[in-house]
Amino acid sequence: MVHGPDKDTIDDTAWSEAVAREVVIRRLVSLDSPGRADFFRACHELGLKRTRLYELTRAYQEHPVTSSLLPRPAGTRQGSRRLPDETEAVIAEAVRDFYKTRQKPSINRLHKEIRRLCRSRGVRAPSWHAVKARITAMDPAELTKARLGSKAARDRFRPVPGEYTAEFAFDVVQIDHTLVDVIVVDRQYRRPLQRPWLTLAIDIASRMVAGFYLTLEAPSTVSVALAIQHIVQPKESWLAGLGIDTEWPISGFPDAIHLDNAKEFRSRALRRGAEEYGIELIHRPVATPHYGGHIERLIGTMMGAVHLLPGTTFSDIDERGGYDSAANATMTMDELERWMALEIMRYHADRHGTLGIPPLAAWHEAAARRARPVRHPHDLAGFMVDFLPSVDRLVRRDGIHLFGLRYWDDVLSIWAGRLDRPLPVSYDPRDLSRIFVRAPDGKRWPIRFADLRRPPITLGEHRRARTALREHGLALVDEQLIFETIEAQRALVDEATLRTRAARQLAERRDRALGDAASNSPVAAEPAQIEDERPIDWSKVPVYAVEEWS
């Protein structure tokens with residue numbers, strides 16, 4: 001590729017002179033063997049000395065374009081150096097040892113350091129502009145790598161290849177997480193809690209939102225599973241539950257899911273679940289955020305809309321200014337979820353800048369291009385369980401033990417103490433009251449707590465209770481003590497919700513997790529015969545401040 005001046009930036013006088021030169025020099029170089037008379041005639045026509053004509057002829061032969069014949073600018077040639085070699089050596093040394101460091105000193109500091117070195121060595125010091133010129137002439141990628149690190153240099157200067165493209169609907173779906181730029185309030189007291197997390201998915205071919213999941217918990221295997229469940233399931237009944245009557249036709253198995261390299265996107269549960277249903281997982285190359293451009297732009301679009309909500313945190317501190325996000329927060333998680341669904345419906349109906357048509361119309365066109373229809377699960381409930389985290393456990397004579405809790409159902413009788421290999425056990429961290437055991441014949445069975453009086457608990461509550469017991473040297477395998485501790489902690493959290501945000505966050509997370517687990521239950525729960533609970537001896541239950549578990 002030829003690098004030369006941009007013809008659109010050249011002034012008319014210089015360009016006219018180059019055009020006149022081109023006519024004469026093109027005629028000259030077209031001759032088989034131009035003689036002295038030909039060169040003399042050209043010099044006379046152009047008013048040039050013979051040596052200058054030779055220079056222009058060579059330049060035109062190398063690059064036969066008019067811009068190669070532009071007049072030379074007056075003054076010192078760009079890039080030439082007029083400082084003594086000793087001064088240049090001091091500048092190079094200071095740049096290498098002082099400026100190209102992670103401390104990132106300014107050019108003013110660099111100039112002072114160069115002047116100090118020049119004084120100590122009796123060398124003429126350069127001007128600030130001379131130092132600035134040398135910094136400007138340096139390779140910016142090399143400079144960024146030295147001052148900011150390799151990753152920053154890659155992100156800023158590495159060529160960006162073409163983005164993922166898809167020819168038809170559900171060819172590739174991209175998924176990613178983001179913290180929503182708004183603070184939500186709790187349902188009971190409507191006081192500020194925190195910013196929720198959003199897991200969002202986009203169909204690349206149509207730019208349709210394929211599904212989403214909103215939660216107060218940090219991204220995890222479960223939030224990925226629930227987002228995938230939302231992608232796969234038909235949306236009609238879910239929209240009806242939100243009171244929304246509109247079209248969202250996207251459902252079924254995508255051929256491939258494109259993800260980044262976060263831990264939850266490389267879990268065994270996700271990998272096995274995808275393999276079970278023939279979904280290809282594509283992970284971005286490390287440190288290449290541009291490969292997720294479609295989902296990143298969708299997240300930006302959604303957050304731009306969120307910035308109009310009360311309680312928004314905006315994208316940065318400068319944009320927020322003096323706005324008090326917590327004081328203005330008004331929306332609960334349920335309200336934000338419905339607002340998000342409505343915003344997605346509006347996005348589907350608006351003309352997409354790149355496609356030129358709304359994503360909803362693009363979906364119908366992209367779906368028609370599929371060689372085969374989109375696949376759907378024959379068992380939606382079983383599909384969900386396949387994406388939950390799982391472990392292998394032996395069926396003991398008294399049932400299955402998981403997290404120090406015991407599970408039993410009469411169906412386990414045929415394997416209890418007889419099966420010499422463990423069975424896969426899936427669990428939902430939002431509700432540990434039931435697990436799902438895959439039998440040797442492949443059939444899946446829901447198994448409840450052995451003691452049906454036990455209330456549903458979350459994995460987070462269970463871990464906090466075990467931590468509290470461990471700190472007080474109490475038995476971690478005492479199931480009754482674990483549940484008594486959880487009940488005591490719940491009582492403290494409920495009592496403290498009026499006083500502390502941490503308590504409200506714990507209570508809201510607990511209630512929402514248990515509520516979501518019940519409404520999205522993979523397998524219909526059978527009514528349990530609950531006996532009256534025996535009274536708890538609260539004197540044996542350790543009591544802790546809320547802050548210890550927040």
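The values are calculated or read from the model by the stated rules, or taken from the named source; none is laboratory data. None of these values were measured; they are calculated from a predicted model. With ideal geometry, Cβ positions are generated from the backbone for all residues, glycine too; neighbour counts draw on all protein chains shown.
Of the strands (runs of 3 or more DSSP E) lying entirely inside segment 192-238, those containing at least 1 residues that are at pLDDT 90 or above span 197-203, 209-215.
Hey, could you check segment 1-31 for residues that are among the acidic types (Asp, Glu) and at pLDDT 85 or above and say which is surrounded by the fewest Cβ atoms within 10 Å (Cβ to Cβ)? Selected residue: Glu17. Of all residues in segment 163-207, those satisfying the criterion of being under 15 Å from Arg512 (Cβ atoms), within 20 Å of the chain's Cα centre (by Cα) and among the aliphatic types (A, V, I, L, M) are Val180, Leu198. For Phe403, the criteria (1) hydrophobic (A, V, I, L, M, F, W, C); (2) outside the structural domain of Pro196 (by TED's automatic domain parsing); (3) on the phi < 0 side of the Ramachandran plot hold in every case but one, which is (3). Answer yes if at least one residue in segment 368-384 is out of contact with any Leu (no Cβ under 8 Å at 6 or more places or on another chain), under 30 Å from Gly278 (Cα atoms) and among the acidic types (Asp, Glu), and no otherwise. So far as segment 368-384 goes, yes, one or more of its residues are out of contact with any Leu (no Cβ under 8 Å at 6 or more places or on another chain), under 30 Å from Gly278 (Cα atoms) and among the acidic types (Asp, Glu). Counting the residues of segment 231-254 that are within 15 Å of Ala169 (Cβ to Cβ) and of a type in the set (Val, Ile, Thr) gives 3. Do we have Leu492 as surrounded by 15 or more Cβ atoms within 10 Å (Cβ to Cβ) and touching a residue at least 60 places away in the same chain (Cβ under 8 Å) here? No, not satisfied. Considering each residue of segment 97-155, count those that are touching a Ser or Thr at 6+ places or on another chain (Cβ under 6 Å) and touching a residue at least 24 places away in the same chain (Cβ under 8 Å), and give that number. Selection size over segment 97-155: 3. One residue stands out in segment 410-436 among those that are among the β-branched types (Val, Ile, Thr) and more than 16 Å from Asp386 (Cβ to Cβ): the one that is farthest from the chain's Cα centre (by Cα), namely Ile414. Answer yes or no as to whether Ala125 is outside the structural domain of Asp12 (by TED's automatic domain parsing), surrounded by fewer than 15 Cβ atoms within 10 Å (Cβ to Cβ) and either modelled with pLDDT of 90 or more or among the aliphatic types (A, V, I, L, M) (or both). No: the conditions fail for Ala125. Which of the residues belonging to segment 197-219 are surrounded by fewer than 19 Cβ atoms within 10 Å (Cβ to Cβ) and not hydrophobic (A, V, I, L, M, F, W, C)? If the condition is that a residue be surrounded by fewer than 19 Cβ atoms within 10 Å (Cβ to Cβ) and not hydrophobic (A, V, I, L, M, F, W, C), then Glu217 is the only one that fits. From the list Ala326, Ala368, Ala305, which one is touching a residue at least 60 places away in the same chain (Cβ under 8 Å) and either assigned by TED's automatic domain parsing to the domain that holds Tyr189 or basic (Lys, Arg) (or both)? The unique qualifying residue is Ala326.
Filtering segment 349-360 to residues that are assigned to a helix (DSSP H, G or I) and out of contact with any Lys or Arg (no Cβ under 9 Å at 6 or more places or on another chain) leaves Ala349, Leu360.
A search for C-beta distances below 8 Å between a residue of segment 9-29 that is farther than 19 Å from Ala42 by Cα and any residue that is not aromatic (Phe, Trp, Tyr), counting only pairs 6+ apart in sequence or on different chains, returns Ile10/Ala18; Ile10/Ser67; Ile10/Leu70. Applying the condition of being touching a residue at least 12 places away in the same chain (Cβ under 8 Å), touching a His at 6+ places or on another chain (Cβ under 8 Å) and more than 18 Å from Ala366 (Cβ to Cβ) to segment 227-263 and asking which residue is surrounded by the fewest Cβ atoms within 10 Å (Cβ to Cβ) yields Asn261.
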